[in-house]
Amino acid sequence: MSARHFLSLMDCTPDELVGIIRRGVELKDLRNRGVLFEPLKGRVLGMIFEKSSTRTRLSFEAGMIQLGGQAIFLSPRDTQLGRGEPIGDCAVVMSSMLDVMMIRTYAHSNITEFAASSRVPVINGLSDDLHPCQLLADMQTFLERRGSIKGRTVAWIGDGNNMCNSYIEAAIQFDFQLRVACPEGFEPNPRFVALAGDRVQIFRDPKEAVRGAHLVSTDVWTSMGQEEETARRLKLFAPYQVNRELLDLAASDVLFMHCLPAHRGEEISLDVLDDPRAVAWDQAENRLHAQKALLEFLVETGYHPA
Ligand code: CP
Ligand code: NVA
């Protein structure tokens, strides 16, 4: 299969990733100036969502429409995928009718299996392992506010989850130091940590991890699919709340990011999203611009029908 996929940040070179986020900045400017830009006229994106979403669905759907194309929302509840049709069979059929696919699912292997049989580019819209599209938006947001992240220090506070794994891949690809502060037993996947070598350090104390950091980021303590662990997690993660006092220990120009949705009073204090150091609303908006750049990159330079 010759299609170019985006299942992880490692599917692009560092130069390609920087190119995509810079293009995201340009596409944002075009939109802000009201310029019509429709390179994907007649192209169709299929979106399979096995988990809930606000930002991912909206940004991909609006993004395709703005680029001149269309997006189709596919729920496993209403397709044969939910009734056990093999993933590979679905991929062959869907990719014969569509130009690009986006999948949000549980097991990461569902996405790799789909991609293996897809004739068109497949984008990971979040799996239990990774959330690479969010990292494009986060990296675009940092670039816009502070310039290159190369050589900077980033602190990830809380669960070593899919977002944290993608931050590890970002540390490799964008060349920054990542400090992860998490409770014992909630470390990021050792496969990703091993890949990153000395770019990643694991801490127990969030205060130590944020000292001097240029970016602090966190996420919910209970990800989608882990709901039955909520009570236990609330107790174990309590010392890992990001609040203004914690951010005061970071660099004076620190940015605070949260991919959203947020649980105020849990992983963040009630007021931290109102702090001038917080850029969560920019991050959310940049999902639109960064993914438009990704779609343009994949559909323009990826699969070309013979
Ligand atoms: N950050 C993010 O992916 O949000 P949604 O779950 O709303 O798509
Ligand atoms: N870690 C969270 C991210 C949501 C965007 C989850 O997987 O539910």
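Just so it is clear, none of the values below were taken in a lab; they were calculated from the coordinates. Note that the coordinates shown come from a computational prediction; the quantities given were computed from them, not determined experimentally. Glycine gets a Cβ as well: all are built from the backbone with ideal geometry, and neighbour counts include every protein chain shown.
Does E285 satisfy the condition of being within 16 Å of ligand 2 (Cβ to nearest atom) and within 19 Å of N162 (Cα to Cα)? So E285 fails the test. Take I87 and tell me if it is free of Cβ contacts under 8 Å to residues at least 40 places away in the same chain and touching an Asp or Glu at 6+ places or on another chain (Cβ under 7 Å). For I87, the condition - free of Cβ contacts under 8 Å to residues at least 40 places away in the same chain and touching an Asp or Glu at 6+ places or on another chain (Cβ under 7 Å) - is met. Restricting the range 66-113 to residues that are in a helix (DSSP H, G or I) and in contact with a strand residue (DSSP E or B) (Cβ under 6 Å, 6 or more places away or on another chain) leaves a set whose member that is surrounded by the fewest Cβ atoms within 10 Å (Cβ to Cβ) is M94. Apart from one condition, F142 fits all of (1) more than 14 Å from ligand 1 (Cβ to nearest atom); (2) closer than 30 Å to E208 by Cβ; (3) surrounded by fewer than 21 Cβ atoms within 10 Å (Cβ to Cβ); the exception is (3).
Residues in the range 146-168 that are under 25 Å from R233 (Cα atoms) and of a type outside the set (A, V, I, L, M, F, W, C): G158, D159, G160, N161, N162, N165, S166, Y167.
So, of the residues in the range 218-252 that are farther than 14 Å from A155 by Cβ and acidic (D, E), which turns out to be farthest from ligand 2 (Cβ to nearest atom)?
Going through the range 218-252, the residues farther than 14 Å from A155 by Cβ turn out to be 220-239, 244-245, 252.
This time we only want the ones that are acidic (D, E), so: 227-229, 245.
Values: E227: 10, E228: 14, E229: 12, E245: 24 Å.
The qualifying residue farthest from ligand 2 (Cβ to nearest atom) is E245.
Would you check if H258 is surrounded by fewer than 17 Cβ atoms within 10 Å (Cβ to Cβ) and not basic (K, R)?
Criteria not met by H258.
Among the residues of the range 149-159, those that are surrounded by fewer than 24 Cβ atoms within 10 Å (Cβ to Cβ) and touching a residue at least 40 places away in the same chain (Cβ under 8 Å) comprise I149, R152, T153.
Is one or more of the residues making up the range 117-139 of a type in the set (S, T, N, Q), in contact (Cβ under 8 Å) with a residue 40 or more places away in the chain, within 24 Å of Q70 (Cβ to Cβ) and not in a helix (DSSP H, G or I)? Looking through the range 117-139, at least one residue is of a type in the set (S, T, N, Q), in contact (Cβ under 8 Å) with a residue 40 or more places away in the chain, within 24 Å of Q70 (Cβ to Cβ) and not in a helix (DSSP H, G or I). Considering the range 46-63, and only residues there that are β-branched (V, I, T) and surrounded by 22 or more Cβ atoms within 10 Å (Cβ to Cβ), the residue that is farthest from ligand 2 (Cβ to nearest atom) turns out to be I48.
Quick one: would you say G160 is among the small types (G, A, S), more than 23 Å from A280 (Cβ to Cβ), more than 15 Å from ligand 1 (Cβ to nearest atom) and outside any helix (DSSP H, G or I)? Walk me through it before giving the result.
Numbers: among the small types (G, A, S): yes; more than 23 Å from A280 (Cβ to Cβ): no; more than 15 Å from ligand 1 (Cβ to nearest atom): yes; outside any helix (DSSP H, G or I): yes.
No; evaluated as a whole, the condition is false for this residue.
Of everything in the range 48-70, what is within 16 Å of ligand 1 (Cβ to nearest atom), over 15 Å from L298 (Cα atoms) and among the hydrophobic types (A, V, I, L, M, F, W, C)? Give them in sequence order.
I48, F49, L58, A62
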